[in-house]
Amino acid sequence: MKVLVFNCGSSSIKFKLFHMPEENVLAEGLVERVGSEDAFASLKTSHGKFEINQPIADYPTGFSIIKDMLLNAERGAIKSLSEVNACGHRVVHGGEKFGGSMPIDNELETGIEAVFDLAPLHNPPNLTGIQQARLIFGDIPQVACFDTAFHHSIPEVAFRYALPEKFYTDYQIRRYGFHGMSHQFVARQAARMMGMHKYSVNLITCHLGNGSSIAAIRDGHSVDTSMGLTPLEGLVMGTRSGDLDPGILFYLSRKGYDTDSLDTLLNKQSGLLGISGSSNDVRDLELKAAGGDESAALALDIFAYRIKKYIGSYMAVLNRVDAIVFTGGIGENGSAMRHRILSNMDQQGIVIDDTRNEIYTGVPGEIQGVTSRIKVMIIPTNEELAIARDTYKLTKN
Ligand code: ADP
């Protein structure tokens, strides 16, 4: 069975074609800068890679290019559209309604639309992707996989903010959490690697990429996570501030900053980029810090300190922690960052082995030292595969 996975953003469409259940990748590609003159598309298959540079005005044009690339006689991946048996879509916000991946029907599409307000940058292109895929591939089954769904198990004590109840009931203001496909994927993988049942592990999973979040997992279920109503809360990120005193917003608004400029400040100009004044990329900042750039060093230290604080609080929440799991571009590859985060935690039962920390970069493995009570694991995430697995499971019959 062939499953085509889509991850549709505001100006990009990423896709990957899997042969299931073998999990072989038959093709992967992307369309970038949709809506601009210098857009481009690319496709990689076993027959090679090709790129197309041309203006791509809108989503329908982008999807039509994807169709043509997949069907390309020399370097495509399929001979006929009917070879694709199902599509899986990443959908960022499932609101309170969707606690797992779901086959897409009219009601589900209405549900995705109902939370446009909560994810205005993500859910509209996610829904457009679903509609475009239907126009191209016809009546084949489609599945929505929500970033919020894995966090549905978070109890009210952790998902409610300390606001009057009507802000929850009338405006749906609560913690939803994101990166759920990734936290779930690495949690299941960690259980397998430790030889434990998926519903008996207690973990702290750290997804550290451009966007970063951390989750507390008890008996295989998410019980708390750092992102909240939106992906802005929690850890320091590439360009997002993460946690800050909400009073800062009132203070700045009285200084003349309007809502849009505050949104831009906190989402696009803060985090690693804001503190360092030069880059949102951990690799760049490591080089600059090594060269004596104090702002770069401070950015890395604040990033690590925030994660250490969350790990400590989730250890208190979980009581027993079997492993701390690192994933995402920084979590998988940033050995210096992992060292910064977990240093001086021996009294909490966490000791990393520096040699193993260097070796296990981008590959799965355990990096704790022999005296460590808690395992420390590196597990590369694979959100597209997680979506392909759910899509296969829900549509194979
Ligand atoms: P996204 O959230 O966009 O999917 P990624 O998971 O790809 O992001 O992570 C991007 C981050 O990973 C960047 O900050 C980059 O600096 C970091 N990264 C990639 N490789 C390394 C490395 N070898 N050492 C440290 N950080 C790395």
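From helices alone, the chain scores -11500 deg cm²/dmol at 222 nm; the rule is -39500 (n - 2.57) for each run of n ≥ 4 DSSP H residues, then divide by the residue total. Of LEU272, LEU249, LEU30, the residue with the greatest mean-square motion in the GNM of the chain, using alpha carbon springs below 10 Å, is LEU249. Taking a sphere under 13 Å around the Cβ of THR391 and counting the other residues whose Cβ falls inside, with K and R at +1 and D and E at -1, yields a net charge of +2. Taking the C-alpha atoms only, the angle from helix 59-71 to the longest principal axis of the chain is near 70 degrees.
Against the chain, whose longest principal axis is taken from its Cα atoms, helix 383-395 shows a tilt of about 50°. From largest to smallest, the equivalent ellipsoid semi-axes obtained for the range 280-397 from the alpha-carbon gyration tensor read 27, 20, 14 Å. Rounded, prolate or oblate: which one fits the chain, using the alpha carbon gyration tensor with axes a ≥ b ≥ c (rounded when a/c is under 1.5, else prolate when a/b beats b/c, else oblate)? Cα axes put the chain in the rounded bin. Using the Cβ-Cβ distance between GLU109 and THR230 with R0 set to 22 Å, the FRET efficiency works out to roughly 0.50.
Angle of helix 180-194 to the longest C-alpha principal axis of the chain, folded into 0 to 90 degrees and rounded to 10: 70°.
Please report the carbon-and-sulfur percent of the accessible area for the chain; probe 1.4 Å, protein heavy atoms only, DNA, RNA and ligands left out. So the carbon and sulfur contribution to the accessible surface is 50 percent. Its Cα centre serving as origin, the chain has a Cβ charge dipole (Lys and Arg +1, Asp and Glu -1) of approximately 820 debye. Taking a Cβ cut-off of under 15 Å around LEU203, the surrounding Lys, Arg, Asp and Glu residues balance to a net charge of +3, with basic ones at +1 and acidic ones at -1.
Along each principal axis, taking the top coordinate minus the bottom one, the Cα set of the range 88-216 gives 43, 42, 27 Å in descending order.
Structure remark: mean-square fluctuation, Gaussian network model of the chain, C-alpha springs under 10 Å; the largest value among SER82, SER335, SER253 belongs to SER253. Please enumerate, by chain and number, the lysines with C-alpha under 24 Å from the C-alpha of LYS288, excluding those fewer than 8 residues away in the same chain. Output for LYS288: LYS268, LYS308. Summing Cβ point charges (Lys, Arg +1; Asp, Glu -1) relative to the Cα centre of the range 50-105 gives a dipole of roughly 100 debye. Take ARG75: with every protein chain present and a 1.4 Å probe, its accessible area is about 90 Å². Accessible surface calculations at 1.4 Å, restricted to protein heavy atoms, place the range 50-101 at 44 Å² per residue. Using C-alpha pairs below 8 Å separated by at least 6 residues, the relative contact order for the range 9-57 is 29 percent.
Net charge of the neighbourhood of HIS151, taken over other residues with C-beta under 9 Å away and scored Lys/Arg +1, Asp/Glu -1, is -1.
Once you order the gyration tensor axes a ≥ b ≥ c over the Cα atoms, which shape class does the range 206-353 get: rounded for a/c under 1.5, otherwise prolate or oblate by comparing a/b with b/c? Taking the square roots of the gyration eigenvalues as a ≥ b ≥ c, the range 206-353 is oblate.
The values are calculated or read from the model by the stated rules, or taken from the named source; none is laboratory data. Predicted model, so just to flag it, every value in this text is computed and none were measured. Ideal geometry is used to build each Cβ from the backbone, glycine not excepted, and the neighbour counts take in all protein chains shown. In case anyone asks, the SASA skips ligands and DNA or RNA and just uses the protein heavy atoms, side chains included. Shrake-Rupley method; radii C 1.70, N 1.55, O 1.52, S 1.80 Å.
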